[in-house]
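Taking it in order: structure first as structure tokens, then the write-up.
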2 protein chains.
Amino acid sequence: MKKLNLSLLFVSIYSIMGFSQEDFTQYVNPMIGTSKMGHVFPGATAPFGMVQLSPQTNFEVMHMADGSYNPKTYEYCAGYQYKDSTILGFAHTNFSGTGHSDLGDFLVMPTIGNLVLDPLKTSDGRKGFYSNFSHDTEVAKPGYYKVNLDSYGITAELTTSDRVGFHQYTFPESDNAHIILDMVYNVYHYDHKNVWTFIRIENDSTITGYRQTKGWARDRKVFFAAKFSKPFKSYGHKKYDDIKYDGFYRRFQQEENFPEMAGQNLRAYFNFDTSENEQIQLKFALSSVSSAGAMKNLNAEIPHWNFDQTREGTKAKWQKELAKIEVKMMTPEDKITFYTALYHTNLSPIIYEDVDGQYRGLDQNIHVSDNFTNYTIFSLWDTYRALHPLFNITQPQRNNDMIKSMLAHHDQSVHNMLPIWSHYANENWCMIGYHATSVIADAMAKHVGDFDTTHALKASVNTATVAYFEGLGDYMNLHYVPDDKSHSSVSKTLEYAYNDWCIAQIAKQVGNTDTAEEFTKRSTYFNNVYDPTIGFMHPKMSDGSFRKEFDPMDTHGQGFIEGNAWNYGLYVPHDIDKMVTMMGGKERMTQHLDSLFTMEIEDKYIEKHEDITRDGIIGNYVHGNEPGHHIPYLYNWTGHPEKTQARVRMIMDTMYGSTVEGLCGNDDAGQMSAWYIFSSLGFYPVTPGSSDYALGSPLVEEAKIHLDNGKTLTIIAKNQSKKNVYVKRISINGKLLKSTFLNHQDIMNGGELIFEMTNKL
Amino acid sequence: MKKLNLSLLFVSIYSIMGFSQEDFTQYVNPMIGTSKMGHVFPGATAPFGMVQLSPQTNFEVMHMADGSYNPKTYEYCAGYQYKDSTILGFAHTNFSGTGHSDLGDFLVMPTIGNLVLDPLKTSDGRKGFYSNFSHDTEVAKPGYYKVNLDSYGITAELTTSDRVGFHQYTFPESDNAHIILDMVYNVYHYDHKNVWTFIRIENDSTITGYRQTKGWARDRKVFFAAKFSKPFKSYGHKKYDDIKYDGFYRRFQQEENFPEMAGQNLRAYFNFDTSENEQIQLKFALSSVSSAGAMKNLNAEIPHWNFDQTREGTKAKWQKELAKIEVKMMTPEDKITFYTALYHTNLSPIIYEDVDGQYRGLDQNIHVSDNFTNYTIFSLWDTYRALHPLFNITQPQRNNDMIKSMLAHHDQSVHNMLPIWSHYANENWCMIGYHATSVIADAMAKHVGDFDTTHALKASVNTATVAYFEGLGDYMNLHYVPDDKSHSSVSKTLEYAYNDWCIAQIAKQVGNTDTAEEFTKRSTYFNNVYDPTIGFMHPKMSDGSFRKEFDPMDTHGQGFIEGNAWNYGLYVPHDIDKMVTMMGGKERMTQHLDSLFTMEIEDKYIEKHEDITRDGIIGNYVHGNEPGHHIPYLYNWTGHPEKTQARVRMIMDTMYGSTVEGLCGNDDAGQMSAWYIFSSLGFYPVTPGSSDYALGSPLVEEAKIHLDNGKTLTIIAKNQSKKNVYVKRISINGKLLKSTFLNHQDIMNGGELIFEMTNKL
């Protein structure tokens, strides 16, 4: 059951195969998107690493006086905001780019001087244990992060293997140095998510423990095992409840040097004497199974104390992933934007199993991943669109494993459902649809993976027939989701219809014609929410009438979720021709799209909407959130591909960038970045589940996609320039492409895809 | 790793071997001791069963208005008080006879009529789900319990296998019948102990889940899997917190028919239609590992729906245990008292592993018990005295396994300590000393078991040298526990000295003379707290002076725990001759003992002391608690064995009985009952760790002890009567016994031990 770590082997094979030795990690800047609403983190991680170790910056108000939700915390989904000047510590788990939050497990903070265990402020008004820092001292690279903690004169360096965080703190001379382990900290709501925390001091330099939280994931358990490079001279903890350990008598002085700590909220500390520039290292391993599992991970992945060795090993893993697409860009900035986007597509889902294949399942039992690597963090409403399709090109083996992970999730689900949003052995039900079916259908359409397709069909059908799920029972009965019964009724109807089409594709491949017919029929239900009298998708009531109060501009409560009818109403990815016809034909659709991109949306329609901000908006088109990601490509269906070409180039230029503000909205676990990668290469998977891509306008001058099958597709944009956004002609391996679509097989065959660029229409 | 269940095999072998076919289970009345302070439970369990399924009666005030501890709840350590007339439900775990409480896991209650989920009273003042009951309808037998729930006309029957509770409820006709699963209930403090609860509805008749509590055990997790014999028509739950499962939107109606429930406090219900006299059965399995483990236990132990088959199987297990000692008593009542006491010595420790040997260890990791059965609930300050010595006669294989369990506990302990009070993968540190060393030394002195004695010595020494444990550092430095540094300083000094003697015995057997010498020296430290000027053990201060304020009569804060100097000051079990000499010689000690049994103790000395009540007191001698259990036998060392003989007969007659008030104090996990078994047979292990027993006066007319080595010791009390309490002569296999001591080998050789009784001195 022991799995070999193949990455170093792959790196060697890549070198042998003569691929470029250019260091692509140099073009990645993890700071991009850390400002405003990108929600990405700058810390250290291996590709798809279980440990994502990153600084947590000091958000102004974590505790509302009345204990209520503080909307400001939304900015802190990844624990870090670039505008901040203080760091609370370094946490081992962080979401990348999500629009809601959790995690922040096991905050570690080195300090010197009088011990302070309060993060922000002590009860008598003194400064908490946070440190001031300056971006000038920050270094963020794939698998490496460094910062000076100015309040203490401590330099912090972080790297990781897949399952182990490696801290290296360089201290000044002190007889009062500390490393704090704050088990209270959670992203969002500092201290409201803990169910239980537990620490054991195994010896003078080894500690283990776990915590259970009830945040976004309602029943989440994370275990750890950690080793310090130097024995601590003493240790202790503070807890924030009255739980007794020793009955009626006070048997021990437990706060100091007592090796067992437990309670709802614990903060532990470890004391050291340090000489000038002395380095204390900490290896901190995670597991979903047990602290014994974490110890196994620690010993397997980092048996040594060589920080640089781990850093270099992880850098090599990144080089392997990044080298899969070699690009020449028009500007150095674009190259940084491109490789950082590619980096962002390799952060989640994350590996979610111990080195021996054990992991905690949705039923809270321990399972073993036979013949696959188990993953979690499936933000599927986002990632089915472009991230998983991208994986079918760059990460087919991982995508196969991800689908197997989804099937295992289904098998463990008491609902018999594929994941909606899989989250550390929990389903958090975030957003709508059952888009795991899209990921499965897309992989099958592209012949990726060796998962059990019959089982995948059964799991998909099971998922699509859970009557109590989100209006699905009504959808099955009425052929639409009635707006008086369920929120976001139009969005649900449209997405269910698309997912049902995906299931029909799976059924066809499996050869189950009955199921294919049934779900093909269901896939037409989008018809039922189109209102020809107003030319928009329109919420429909149980009695069959359309809702009376309705504003197609509004994003609030109009039958859509995180979008308005202008954008979200264009969501029929599996039958765009039909949609175009239904909505008045090509000309009218072209006008709709033109208007969408040019009209002004009033503030009232988007204010109070966390996921939609001005930064991500062009006219009334919202690029900062997912429902519209296919829209710029729709002109391909209205006879105006040149409008797609201009628009996608404009979006790449304005909505992405190489600065800390380089993401116009949540990266959403890599979806936003995957859109950029595809669009840069000149094509986009408008309909996951089919093998077709719609063509756009490449941003690259040249790209080499090194495929898993050993072939390479070289993309060349002839006559490329910032102004030459139009595509005059396209050829594949010398053959002129007559449509504005590309097939997946065209990519997998390798060879040359040549775009001839022009500035003329 | 699968372990065979050998009990039925043993039963067959016993029959083949021609042992008595008398049904000894008929003499057991589990109701004995359920009144007042016996703290035993009347419910169903297999010998040493992991599931101990018993009714929980309605204690008046569980919630104090201010949330504080209600001293009345002390009576409810086993969840049941005979005086009560209402039942709240049936819980699957209960301590037997302890003086502090926890457990009460998974309360199940059948009801009919409008669903009520509040146990005592609804918020609008209606009756809770409890039922009235009458003792007239109660049947309590080994492995079986029955009662009518008068409020509902439901008959409840319970039986168990080792790890599975089997409920059988006979309903009246109803279209509104319910089975409630109350996950909130805990023994003591109804709703203050839960950390987390979790339920999954696997299908229409199978449920799984777990709960984590922070009671006496700080980090306790119990998992379950349960099957109903009939599908429920609907189900639901109520929870008592605001934990969200589905983010910002209300995605599901979760209270009803939603198969996943979680929160700090859950009450679930399952609805049925029932016809007149319809039986609904429920098999409810536990595990410390996982719900998957519980399901394994369920399927392995009770794969069928035959309630009587399980009941008969468990009865056969009890018959096997009870038949090990066949007695003829002078009265039918004494026979009931005897076999009920024997029954009570077979309730704890409990088996604490799944059928495949997996169990949760002290480090919260999952371990496998290779080559032994893992046990928990070691109330060692109580049970090392007579219960474990009794096991060396009646349960040598189990005692061997218990010692291996203690060694595993040591290996998992972050303190490197043997258990003090082992409690479901927790150490609750209750009471003082490190008496696991006594259990080990006693087994070794009696050549019981095949545990690793070298490891046992190391574990014992590790335990005895943890400086931060309960004044042990001071004890090692000063050679006594200083009273100004540590509570119960004299008790600790005396018990540490005895335990150190035990370690010396272990070391001698292992052949480690250095350790034997070191601990023999430590075993003399009892000297250091004897104050010859007052003739009592006396708390000593760090500066070497005896404490000024001191009352040898008082049980509160006088340097002793749960006892006063008159009683507890006689605690030098390993060198009684020296103690007698030190305290003034045989005559003075005889006078001390005479006074102890005849003087009056004033109320002020014992009031507010939960563990010492008038019921368990003779003069100033306290039989209702453990520190004095060896005292009646001490006359053997002062030249007055006849006084021991009279006294132990008097204690057996007055402190034990066959009614519900038949226990004069907490049974303390079987110690009180083990005292009775030994004393009834005419001897007692005053010094566990030696192979000697002090003789008393048998209560039996005849006893046959069927030994594990195939031999039988027959004890005959010639001329036995209620008045003939004195022993004139004793012979073993025809040879006259010259001392008043018996050696373990005398027992193990089998044969005849004849006491000739008389009423004359």
Mean Cα-pair separation over length for the stretch B:84-156, i.e. relative contact order, pairs under 8 Å, 6 or more apart, %: 26
With 5 Å bins from zero, work out the P(r) of the stretch B:106-160 over every alpha carbon pair and list the percent per bin. 5, 17, 26, 22, 17, 8, 4, 1, 0
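Taking 8 Å as the Cα distance limit and 6 or more residues as the minimum spacing, I'd like the relative contact order of the stretch B:231-339 as a percentage.
Once normalised by length, the contact order is 21 percent.
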Please give the charge dipole size of the stretch B:337-402, origin at the Cα centre, charges +1 on K and R Cβ atoms and -1 on D and E Cβ atoms. Round to the nearest 20 debye. 320
Quick one: if the Förster radius is 60 Å, what FRET efficiency do A:TYR240 and B:ASN203 give, using the C-beta to C-beta distance and rounding to 0.05? 0.90
Quick check: Cα centre of the stretch B:496-570 to Cα centre of the stretch A:517-534, how many Å? 87
Cα-based Debye curve of the protein assembly as shown sampled at q = 0.05, 0.08, 0.09 Å⁻¹ gives log₁₀ I(q)/I(0) of -0.47, -1.03, -1.21
Theoretical FRET efficiency, 1/(1+(r/R0)^6), r = Cβ-Cβ of A:LYS760 and A:ASP594, R0 25 Å, to 0.05: 0.80
Heads up, I need the accessible area for B:VAL368: 1.4 angstrom probe, whole protein in place, Å², nearest 10. 60
Given label points at 7 Å from Cα along Cα→Cβ, what nm distances, shortest first, separate A:PRO532 from the same residue in every other copy? 11.7
Take the Cα gyration tensor of the stretch A:144-266, multiply each eigenvalue by 5, square-root it, and list the three semi-axes largest first, rounded to whole angstrom. 26, 21, 14
Given labels modelled 7 Å from the Cα in the Cβ direction, how far is it in nm from B:GLU173 to B:ASN719? 7.1
Once A:SER151, B:SER422 are ranked on solvent-accessible area with the largest value leading and a 1.4 Å probe, the list reads A:SER151, B:SER422
Under the Kirkwood approximation for Rh and a Cα-based Rg, what ratio Rg/Rh is obtained for the stretch A:543-585? 1.02
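Is the shape of the stretch A:204-322 best called rounded, prolate or oblate, per the rule: a/c under 1.5 gives rounded, else a/b larger than b/c gives prolate, else oblate, with a ≥ b ≥ c the square roots of the Cα gyration tensor eigenvalues?
oblate
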Work out, step by step, the length gained on full extension between A:GLN397 and A:ASP150: first 0.36 nm times the residue separation, then minus their alpha carbon distance; give nm to one decimal. 84.5 nm
Express the accessible area of chain B per residue in Å², computed with a 1.4 Å probe while the remaining protein chains stay in the model. 32
Per principal axis, largest first, the Cα atoms of the stretch B:465-576 extend in Å by 44, 28, 24
Within the stretch A:505-590, trypsin sites (Lys or Arg not before Pro) in DSSP loop having at most 16 other beta-carbon neighbours inside 10 Å: A:LYS548
For the axis mapping B onto A, the chain B residue whose beta carbon sits nearest, plus its rounded distance in angstrom, comes out as B:VAL195, 3
Can you compute the helix-only [θ] at 222 nm over chain B? Use -39500 (n - 2.57) per DSSP H run of at least 4 residues, normalise by all residues, nearest 500 deg cm²/dmol. -8000 deg cm²/dmol
Rounded to the nearest 10 Å², what accessible area does A:VAL461 show when all protein chains are kept and the probe is 1.4 Å? 40
Label point distance in nm, B:LYS586-A:ARG126, each placed 7 Å from Cα along Cα→Cβ: 6.9
Distance between modelled label sites at A:GLU602 and A:GLU702, nm, 7 Å Cα→Cβ extension: 5.3
Carbon plus sulfur, as percent of the 1.4 Å-probe accessible area of the protein assembly as shown, comes to 49
Give the Rg/Rh ratio for the stretch A:642-761, taking Rg as the radius of gyration of the Cα atoms and Rh as the Kirkwood radius, to two decimals. 0.96
Low-density loop cleavage sites - GluC sites (Glu not before Pro) in the stretch B:523-632, where at most 13 other Cβ are within 10 Å (DSSP): B:GLU549, B:GLU600, B:GLU602, B:GLU607
Which number comes out as Rg/Rh for the stretch B:304-358 once both Rg and the Kirkwood Rh are worked out on C-alpha atoms? 1.10
Top to bottom by accessible area (1.4 Å), largest first, where do B:MET650, B:MET655 land? B:MET650, B:MET655
Convex hull volume per residue in cubic angstrom - Cα atoms of the stretch A:586-640: 72
Ignoring ligands, DNA and RNA, how do B:THR644, A:THR659 rank by accessible area with a 1.4 Å probe, largest first? A:THR659, B:THR644
Restrict the search to the stretch B:266-372; then list the chymotrypsin sites (Phe, Trp or Tyr not before Pro) that DSSP places in a loop and that have at most 16 other Cβ atoms within 10 Å of their Cβ. B:TRP305
Considering only the label points, 7 Å along Cα→Cβ from Cα, what distances in nm to one decimal separate B:LYS711 from the same position in each other copy, shortest first? 8.6
By what distance, in whole Å, do the Cα atoms of the stretch A:253-398 stretch along each of the three principal axes, largest value first? 64, 48, 28
I'd like the FRET efficiency for A:LYS548 and A:HIS455, computed as 1/(1 + (r/R0)^6) with the beta carbon distance as r and R0 of 45 Å, rounded to 0.05. 0.50
Rg [Å, one decimal], Dmax [Å, integer] - chain A, C-alpha atoms: 26.0, 87
Pseudo-label separations to other copies for A:MET330 - Cα-to-Cβ vector, 7 Å, nm: 11.1
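The values are calculated or read from the model by the stated rules, or taken from the named source; none is laboratory data. Fair warning: this is a prediction, and the values are worked out from it, not measured in the lab. Please note: Cβ atoms are built from the backbone with ideal geometry, for glycine as well, and neighbour counts cover all protein chains shown. Side chains are part of the model used for accessible areas, which takes the heavy atoms of the whole protein and leaves out ligands, DNA and RNA. Shrake-Rupley method; radii C 1.70, N 1.55, O 1.52, S 1.80 Å.
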